[in-house]
Amino acid sequence: MEVHSVDLTISAVDEKQYPAGDQPEIAFVGRSNVGKSSLTNVLINRRNFAHTSSQPGKTQTLNFYHIEDQLYFVDVPGYGYAKVSKKQRADFGRMIENYLTKRPQLRGVIMLVDGRHTPTDDDIQMYQWLSYYQLPVLVVATKMDKVKGSCFTQTTKQVQTTLDLSSQTPLVLFSAKTKRGKDQVWQWIEQQTGV
Ligand code: GTP
Ligand code: MG
């Protein structure tokens, strides 16, 4: 999809604030600083519409972006950020869990991992959790501009093995810098949402 119009509909902390209507939604999850907001920006052809930061923990609410008046992207706060308080972590956890398990409009989850490193224990837990709830998942290994082309096969194997990806879960190698993988990610979104 070529995106021309996008609005930040709401930065929600509570389900009462989620947008009304029944348009499909795609959520973006992953560790803090992995590049969720950057991927969102590439998909919508904007430089910094979803605010990015080199400091982890930038996104702290469920941000609903309305795309072409047809679907929503939901930028979810990152996990694994050591500097948030215990209380805040529990609040985030509850908010994210509520959204991911109780939202009929949710058609799929894009889970990002850092393509430069082996997926972490947090990543493994997240993938198991998403699988348990039978949510359709696309795994995106990002920051691939930092990985040598000759290592791409190794990255693919490492992510597949460490997360123990099911045969139903596709994996895309992506870079927000070169936009590599953008079309594949859009294809999956279109498949899941029917837009
Ligand atoms: P939180 O909102 O804190 O959870 O982070 P996030 O997952 O939204 O990450 P964000 O998109 O803000 O990116 C974090 C940092 O990684 C920024 O400095 C980005 O410029 C950088 N980054 C993101 N994607 C890429 C990429 O594909 N390649 C490179 N080289 N850097 C990237
Ligand atoms: Mg972010």
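Remarks
- Residue by residue, the range 180-195 carries 3J(HN,Hα) couplings of 4, x, 4, 5, 5, 5, 4, 4, 5, 4, 5, 4, 6, 9, x, 7 Hz when phi is fed to the Karplus relation 6.51 cos²θ - 1.76 cosθ + 1.60 (θ = phi - 60°); x denotes Gly or Pro.
- Label positions at Phe49 and Thr120, each projected 7 Å from the Cα along the C-beta direction, are separated by 2.9 nm.
- Relative contact order (%) - the range 1-64, alpha-carbon pairs under 8 angstrom, separation at least six: 45 percent
- Chymotrypsin sites (Phe, Trp or Tyr not before Pro) lying in DSSP loop within the range 95-195, provided at most 15 other Cβ fall within 10 Å: Tyr133
- Expressed per residue, the C-alpha convex hull volume of the range 156-195 stands at 80 Å³.
- In order along the range 143-157, phi translates into HN-Hα couplings of 6, 5, 5, 8, 10, 5, x, 5, 9, 4, 5, 5, 4, 4, 5 Hz, rounded to whole numbers, per the Karplus curve 6.51 cos²θ - 1.76 cosθ + 1.60 with θ = phi - 60° and x for Gly and Pro.
- Taking GluC sites (Glu not before Pro) as exposed when DSSP calls them loop and at most 13 other C-beta atoms lie within 10 angstrom, the chain has its longest site-free stretch at 69-195.
- Calculated diffusion of the range 6-193, Stokes-Einstein form, Kirkwood radius summed over Cα pairs, 4 °C and 1.567 mPa s, µm²/s: 78 µm²/s
- Over the range 108-195 - Rg/Rh using Cα atoms and the Kirkwood inverse-distance radius: 0.95
- Entry note, the chain: relative contact order of 23 percent, from Cα contacts under 8 Å with a spacing of 6+ residues.
- 22 Å tail of the calculated P(r), the range 77-159, as % of Cα pairs: 35 percent
- Candidates per trypsin sites (Lys or Arg not before Pro) in the range 1-107, loop by DSSP, up to 12 other Cβ within 10 Å: Arg47, Lys83, Lys102
- Among beta bridges from DSSP that stay inside the chain, the antiparallel ones total about 35%.
FYI, it's all coordinate maths here, none of it is from the lab. Computed from a predicted structure; not experimentally measured. When we count neighbours, we look across all protein chains shown, and the Cβ atoms used for this are built from the backbone with ideal geometry, even at glycine.
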